[in-house]
Every structure is written in structure tokens, then in C-alpha cells.
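Reading through the C-alpha cells given below for one structure.
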Amino acid sequence: MKSTTLRLSKSGRTVALRDYGAGDPVVLVHGVGMQSAAWGPQIDALAKDYRVIAVDMPGHGGSDPLPEGSSLTDYVAWCSQVIEELGLGPVALVGHSMGARIAAGFAIEHPSSVTRVALLNGVFKRNSAARNAVIARASTLRDGEIDLKTPLDRWFGDSAVDQAARNQVAGWLSDVNLEGYATAYTAFAHGDATYADRISEIECPFLALTADGDQNSTPEMSRAMAALAKNGRAVVIRGHRHMVNLTAADEVNTHLLDWLHAPVSQKELQ
């Protein structure tokens, strides 16, 4: 696996990424508080047949942050700059959580630059209570307070696999740049309405995958998004929570490979 950096010509910001394999390009965008290493199981599986590029989101890992107050559309523009700078042409794009919001926005804003899009544990049209709770958490982060235990308890169960993944994720959260984390989380918290009513514009093969134990990225959300997309499919992994790409990696990888192999023109079954 090759770790490298890219300097964006338009902004001068540095982007850290992992670039591995050869073939059609697949770009992976992680969630808030994580880094590209969180895609380890997917890189191992997909890079056998594809060129896989996992990027560190702004303010995470080795990537420069976006300015405080940046919105979801700014993160989508950043993603567009990265893909353009890499000279990849149209890409398959996978996002997890906040990365899923970025991936959906990119597919909507730049349809000719994406061959297919997968949203893992994506959020869609939260109710007011859930929306207020996440906005409150964003405010706490901006005040310089970080609570690791609460999200970890929400994201992981008690199994040995969950606990091993929890330890990995705890390390990444502990290392995160608080300013970059707070900026991204605030964009995530306030991004509910940005692209929600435009999912129907996505025409490429669309996968919405989540876990039945994910309280915030619920199966109902994934099914609703898949129903709106013109070529959508929803998948729900049983017995897991938010970090399903780590705790049920083999199942997730199987579904990602099915999605990658599906003809672009084929209407995927619900």
C-alpha cells in the first residue's frame, strides 16, 4: 500500500491518501473523526481488481483542514478538486457516514465524473430530535470538548470483533485534529437538507448499505434513498452497527464487489 500526498493546485491544500492496486478507479471517503486507514479491509479486497484511492478528509489524518464554517458543499467541492487533480476520469465513489454525504453530493453535482456511488451508513432526513442532538454535539466540539466514549458505545457492540474494531477507532479518534473534526462534524450536522431532495437525480448504480443496529443511519434511511435513486439498491447487514465496514468487512466487501460488477445500464433490484 502506498501512502502519499497531493497538493491541490486551486487551493494549495495538502491531501493525504492511500493509493493501491490497478484498474478502474475506486475512491473511498471516510467519516468524521476517522482517517483513510479505516478502509483497510476494503482496500485489501478491492485492490485485487481495481485502483483504490482512500483519502484523508480535510482536517483528518494528514490532510489540511477546510476553514471553520465550511459547509457540506465545500467538502463536495474539495472532493471534486481531489479527483480532478488525480486525473482519474470518472470514478466509482464510496463514502461512509459524512463521506456518504460527500459522495452523494458529488454524484449529484458532477454526474459525468462518477460511474457509480455507494453510501455506507448514510444519513437521510433525520427527524427533528435526531437533528437537534447532532447539532448539539457539533456545538460541544466547537467549544473544544471531545467525548470519545459516547460515539464508541453507539458504534460498537460487545463481540470480540466489535471490541477489536473499537480499539482501532478509539485510536483514530484520539489522534484527530479537534479543529478539523469540529468543522467537519458541524458541516455533517447541518447538511441534512443540502442534497436530500436531489437523490432522484442520481442515475448511476447506487448502493445504500447500513446495519440494522445503526441508530442514526437507519435501514429505513438507506431504503428510502435507494428507492429515490433511478438505479438504486439497499442492503442491510444484520447484527452490526455504525462501523459495519470494519465489523462485517467480508459481507460489506461482497456487496461492494457486486455493486462494482453491475452493468451501469442495469436497473438493480430492490
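Of the accessible area of the chain, computed with a 1.4 Å probe over protein heavy atoms only, carbon and sulfur atoms account for 48 percent. With K and R counted +1 and D and E -1, the other residues having a Cβ less than 9 Å from that of residue 204 yield a net charge of +1. For the stretch 29-162, the C-alpha radius of gyration divided by 2.2 N^0.38 Å, with N the number of residues, is 1.11. Other residues with beta-carbon under 13 Å from the beta-carbon of residue 107 carry, at +1 per Lys or Arg and -1 per Asp or Glu, a net charge of +1. With all pairs of separate Cα atoms included, the stretch 179-248 yields a Kirkwood hydrodynamic radius of 13.2 Å.
Note on the chain: helix-only mean residue ellipticity at 222 nm, from DSSP H runs of 4+ residues weighted -39500 (n - 2.57) and normalised by residue number, equals -12500 deg cm²/dmol. As a calculated quantity, the FRET efficiency between residue 68 and residue 150 at R0 = 41 Å, using C-beta atoms, amounts to about 0.95.
Rounded to whole Å, the principal axis extents of the Cα atoms in the stretch 127-270 read 47, 36, 25, largest first. Solvent exposure of the stretch 130-219, expressed per residue, is 45 Å² of accessible area, with all protein chains present and a 1.4 angstrom probe.
For the stretch 34-98, a crude dipole built from +1 on the beta carbon of Lys and Arg and -1 on the beta carbon of Asp and Glu, taken about the Cα centre, is about 240 debye to the nearest 20. Once you wrap a convex hull around the alpha carbon atoms of the stretch 94-139, what is its projected area averaged over all directions, in nm²? Approximately 3.6 nm², given one-decimal rounding. Bridgeable lysines around residue 2 (alpha carbons under 21 Å apart, same-chain partners fewer than 8 residues away excluded): 48. In terms of packing, defined here as the mean over residues of other Cβ atoms within 10 angstrom, the peptides 79-91, 236-248 line up highest first as 236-248, 79-91. Just report the Cα centroid separation between the stretch 198-270 and the stretch 103-174, whole Å. First find each Cα centre; the distance between them is then 16 Å.
Backbone phi angles across the stretch 257-263, fed through the Karplus curve with coefficients 6.51, -1.76 and 1.60 (θ = phi - 60°), yield HN-Hα couplings of 5, 4, 5, 5, 7, 5, x Hz in residue order; Gly and Pro are listed as x. Here the gap between residue 13 and residue 131, fully extended at 0.36 nm per residue and compared with their Cα-Cα distance, gives a gain of 39.4 nm. For the pair residue 264/residue 175, report the inter-label distance in nm, with labels modelled 7 Å from Cα in the Cβ direction. That separation, rounded to one decimal, is 3.6 nm. Compute the signed sum of charges (Lys and Arg +1, Asp and Glu -1) over the other residues within less than 14 Å, Cβ to Cβ, of residue 59. Summing Lys and Arg as +1 and Asp and Glu as -1 gives -4. For residue 230, the lysines whose Cα falls under 16 Å of its own Cα, not counting residues fewer than eight places away in the same chain, are 267.
The values are calculated or read from the model by the stated rules, or taken from the named source; none is laboratory data. Since we're looking at a predicted model, the values are computed, not measured. All Cβ positions, even for glycine, are placed from backbone atoms using ideal geometry, and neighbour counts span all protein chains on display. Just the protein is used for accessible areas: all its heavy atoms, side chains included, with ligands, DNA and RNA removed. Shrake-Rupley method; radii C 1.70, N 1.55, O 1.52, S 1.80 Å.
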